[in-house]
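Everything below concerns the one structure shown next.
The values are calculated or read from the model by the stated rules, or taken from the named source; none is laboratory data. The model shown is predicted, which means the values in this text are computed figures rather than measured ones. As a convention, Cβ positions derive from the backbone with ideal geometry for all residues, glycine included, and neighbour counts pool all protein chains shown.
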There are 2 protein chains.
Amino acid sequence: MYVTLSAEPMSFHAPSVIQPPCTQSKPLVQRQFKSGAYLYHEGDDATNLYEVVSGVLRLTRVLENGKRQVIAFGLPGDIVGFPNGTRHHTDCDVLSSAEIVIYKRRVFEAGESDPETHQRLLRAALREISAMQDHVMMLARKSAMEKIASFLLVLSQRTGAPIGNYATFSLPMSRADIADFLGLTIETVSRTFTILRKSKTIALGTPQTVLVLDLDALIDASQADT
Amino acid sequence: MYVTLSAEPMSFHAPSVIQPPCTQSKPLVQRQFKSGAYLYHEGDDATNLYEVVSGVLRLTRVLENGKRQVIAFGLPGDIVGFPNGTRHHTDCDVLSSAEIVIYKRRVFEAGESDPETHQRLLRAALREISAMQDHVMMLARKSAMEKIASFLLVLSQRTGAPIGNYATFSLPMSRADIADFLGLTIETVSRTFTILRKSKTIALGTPQTVLVLDLDALIDASQADT
DNA sequence: CGCGCTTTTGAGATAACTCAATACAGGTGG
DNA sequence: CCACCTGTATTGAGTTATCTCAAAAGCGCG
């Protein structure tokens, strides 16, 4: 089986070994984006790729009927904005204020000028394919509990901070976003959190602050019937 | 909304405008693979990419518990085998005998020698990301009927042949494969086919031969509640 | 203090699942 | 040539995880 951090396949974005975005002294475009800002919209001409240094992005797509589907969350280390053809095929907005490194799409597509960055972006695109495949497997075959537990595990691994023996992290996205991402309803997401709370697997400070009390139980839950 | 052939987002592989794999007179590696043959296995070192000229491939992944999940089907025009890092992350076998053009991975990754092919493969990778996102949306939000109808529509559009006013195509994959691909059970797939037959939307010659009797009804079914 | 928004809880409905039986088709050997 | 056997597909009956609709609780803010 391929790349995993734990026993669990990465569910929505492969763990990139976090390395400084650029080791060279070259001028590098890095910007701060506030919560609520949009990096790009579906249909926009894709001139840039974006690497998340800190903060969280949300990639969504709008359906025919106007409903919004969350395709992915962009966590630190992720590179987002790979276009289909010349245009973006999702919306991308900021859930919690983010520092973003901006790359020109040209560097990705041609890359004569900067082969190192070119390679880096290419690898990110391949990782993205793999990550989406993992997500497909999750959506197709996992129960609500397995989905939520997997989701929390990934967030914990990628954005968690230790507090004593426990890990804590924040959920910058709403229950609705989580539901949209995992193919569930808000109510099911909420009920599943409640079950995890009652079993003392996690605790919630606020609804958007998670404390992992029992990591093993959470891992078990993410693989339940297997 | 982006690239669609009909009102329906492409569900598992974006429609590549089918063009001859190589317009140059250069030597080109093309091979015939028989049904049942494997192009590669998960974990194999990825030395090649594969373009489907004819036939159908199946990309699968094996779960911890030994169950097999169908990630995608490779139809004519698709390019498959994009690795994560240096290794393949799916199995790929042949469902119906296929002609395959083989590209060296190096050309994709570096491409100094053949920038044209490099670009071509790069675009295919981006299309793949987009296709997987479409599939995610399908898995997350569509009913069994919508999934099956979407699936049949895509096959009809991409591999169908006209017979009088109707279109016909074959299903080289089993009901189990379809179920695995769409996140359903075999029984639900079969029942849904039956509903479509009884409503005279489609007819089945054999269980693997589909005749589309009422395209509009099929399109409606693929978008049902929207 | 009250209003609006998100989250949680409750109760009932249902789409899809599971388990089980039957039908069908293709291949084999008598 | 036909009966049999094996694997796939279909149909049936009952269960259940998740959804839907509805109400209550919590929380930030003017």
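Descriptive notes on the structure:
Conditions tested, residue by residue: (1) within 21 Å of B:Leu155 (Cβ to Cβ); (2) buried (at least 17 other Cβ atoms within 10 Å of the Cβ); (3) more than 9 Å from chain A (Cβ to nearest Cβ); (4) touching a Phe, Trp or Tyr at 6+ places or on another chain (Cβ under 6 Å).
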| residue | (1), (2), (3), (4) |
| --- | --- |
| B:Tyr40 | no, yes, yes, no |
| B:Gly43 | no, no, no, no |
| B:Ser113 | no, no, yes, no |
| B:Arg120 | no, yes, yes, no |
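- The condition (being within 16 Å of DNA strand D (Cβ to nearest atom) and either of a type in the set (Val, Ile, Thr) or surrounded by fewer than 22 Cβ atoms within 10 Å (Cβ to Cβ) (or both)) is satisfied by just one residue among B:Ile79, B:Ile148: B:Ile148.
- Residue tally, condition within 14 Å of chain A (Cβ to nearest Cβ) and assigned to a helix (DSSP H, G or I), over the range B:159-185: 7
- Condition check for B:Ile129: away from DNA strand D (no atom under 12 Å from the Cβ), touching an Asp or Glu at 6+ places or on another chain (Cβ under 8 Å) and in the same structural domain as B:Ser97 (by TED's automatic domain parsing): yes
- From B:Ser156, B:Ser97, residue being away from chain A (no Cβ under 14 Å), part of a helix (DSSP H, G or I) and touching a strand residue (DSSP E or B) at 6+ places or on another chain (Cβ under 6 Å): B:Ser156
- Any chance B:Asp220 is closer than 28 Å to B:Asp93 by Cα and in a helix (DSSP H, G or I): no
- Only one entry of A:Ser199, A:Ser174 meets the criterion of being under 19 Å from the mean Cα position of the chain (by Cα), outside the structural domain of A:Val94 (by TED's automatic domain parsing) and either within 8 Å of DNA strand C (Cβ to nearest atom) or more than 21 Å from A:Gly55 (Cβ to Cβ) (or both), and that entry is A:Ser174.
- Identity of the residue in the range A:202-211, part of a strand (DSSP E or B) and free of Cβ contacts under 8 Å to residues at least 12 places away in the same chain, that ends up nearest to DNA strand C (Cβ to nearest atom): A:Leu204
- Inside the range A:37-63, residues that are assigned to a loop (DSSP other than H, G, I, E, B) and either touching a His at 6+ places or on another chain (Cβ under 9 Å) or at pLDDT 95 or above (or both) make up a count of 7.
- Complete set of residues in the range A:64-94 that are under 21 Å from A:Gln119 (Cβ atoms) and assigned to a loop (DSSP other than H, G, I, E, B): A:Pro76, A:Gly77, A:Asp78, A:Gly81, A:Phe82, A:Pro83
- Only residues that are among the hydrophobic types (A, V, I, L, M, F, W, C), touching a strand residue (DSSP E or B) at 6+ places or on another chain (Cβ under 8 Å) and either part of a loop (DSSP other than H, G, I, E, B) or more than 20 Å from A:Ser96 (Cβ to Cβ) (or both) were counted across the range A:186-201, and they come to 1.
- Subset tally (residues that are at the interface with chain B (Cβ under 10 Å from one of its Cβ atoms) and in a helix (DSSP H, G or I)) for the range A:123-153: 18
- Cβ-Cβ distances below 8 Å connect the following pairs, each with a first residue in the range A:173-192 that is at positive phi, a second residue that is within 8 Å of DNA strand D (Cβ to nearest atom), and a separation of six or more residues or different chains: A:Gly183/A:Lys147.
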